[in-house]
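To keep things clear, I will list the structure first and then write my remarks on it.
The values are calculated or read from the model by the stated rules, or taken from the named source; none is laboratory data. Just so we're clear, the structure is a prediction, and the values are computed from it rather than from any experiment. So basically every Cβ, Gly included, is an ideal-geometry build from the backbone, and we count neighbours across all protein chains shown. Areas reflect the complete protein model, heavy atoms only, side chains present, ligands, DNA and RNA absent. Shrake-Rupley method; radii C 1.70, N 1.55, O 1.52, S 1.80 Å.
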Amino acid sequence: MVNAGTYDLPRFINREFTQGADCQDMNRLAHDELMELRSELLRVTASLVESIPRATQILLDQDLEGAEYQILADDEMDSRTLDLEDRCVTLMALHAPVASELRHAVTIMKMSADIERSADLVVNICKVARRIHGMPLDPKMRGLIGRMGTQAQILFRHAIQAYADLDLPMAKAVDDMDLFLDYLHRQFIESIFESHSAGTIDLPVAIQMAVTARFFERIGDHAVNVAHYVQYLITGEIPPAGDHRRGGRLSDSTDEIEGLPA
């Protein structure tokens, strides 16, 4: 379990957001609301980061009680992320922020959607723990599950720290960090085939494990999305279209992502 203190949240939350923030373009009330939204986003994401290793351990232990707790906790995550989106829309509608303030409000709104979807994936992992309860997994598969959970957590930790510190190099690094999670995903799929061929897991369990690997991989993809929005916040450049895991480099498309003001 990750301790929220690891992220030094008070420093992150209280850090003055100075990059491009010209309060003359926005009244003080609106500026304060933007800072509150930023603080809440950091808190919500810290909860998500803590939940990833927790869900991983629940799966490995096939912990029914822990799974139930984590599944029920998702209602609060849904409520908090939806509230973030609603408040961002209200801020933009009532105060008409421009330039960096507008980018910041849009960034929070976009990031909250990826955070909410990642929390749903955490719930899905816990549901798999219930579906395979009583079915043993071989050591290789267990080891790869642990490594995927760790890497997914690392990706989100770096993405949100890049946002908290406005760290452009760190945000850009998340793309390449996702390559390792993709590699672990492929390794895990291979181990599923090996275990099924050896008769150590039944076909229904093999299917559940393949789906679970995809859940971890998708959490990593959402972390990459968050990192791209951090880059957008800092530079004003629209995140690339195409294969988000490679910064769009595998796609010839130059289409902009819908809904982002330049």
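A few notes on this one:
- Taking 0.36 nm per residue of sequence separation and removing the Cα-Cα distance, the TYR183/ARG117 pair yields an extension gain of 21.5 nm.
- Part-to-part distance (alpha-carbon centres) for region 176-209 and region 63-89, which is given in Å: 29 Å
- Remark: accessible surface ordering of ARG214, ARG157 (largest first) is ARG214, ARG157, probe radius 1.4 Å.
- Three-way shape call for region 122-230 based on the alpha-carbon gyration tensor, with the a/c threshold at 1.5: prolate
- Carbon/sulfur fraction of accessible area - region 118-242, other protein chains in place, 1.4 Å, %: 56 percent
- In this structure region 175-218 gives 49 Å² per residue of accessible area when probed at 1.4 Å with all protein chains present.
- Karplus-derived 3J(HN,Hα), 6.51/-1.76/1.60, for each residue of region 60-67, Hz, glycine and proline x: 5, 8, 6, 7, 5, 5, x, 4
- For ARG117, net neighbour charge (Lys/Arg +1, Asp/Glu -1) across residues whose Cβ lies under 10 Å away: -3
- Candidate lysines for bridging to LYS172, where Cα separation is under 22 Å - those fewer than 8 sequence places away on the same chain excluded: LYS110
- Cα gyration tensor shape for region 52-136, rounded if a/c is under 1.5, else prolate or oblate: prolate
- If you take all other residues with their beta carbon under 13 Å from the beta carbon of MET92, and give Lys and Arg +1 and Asp and Glu -1, the sum is -1.
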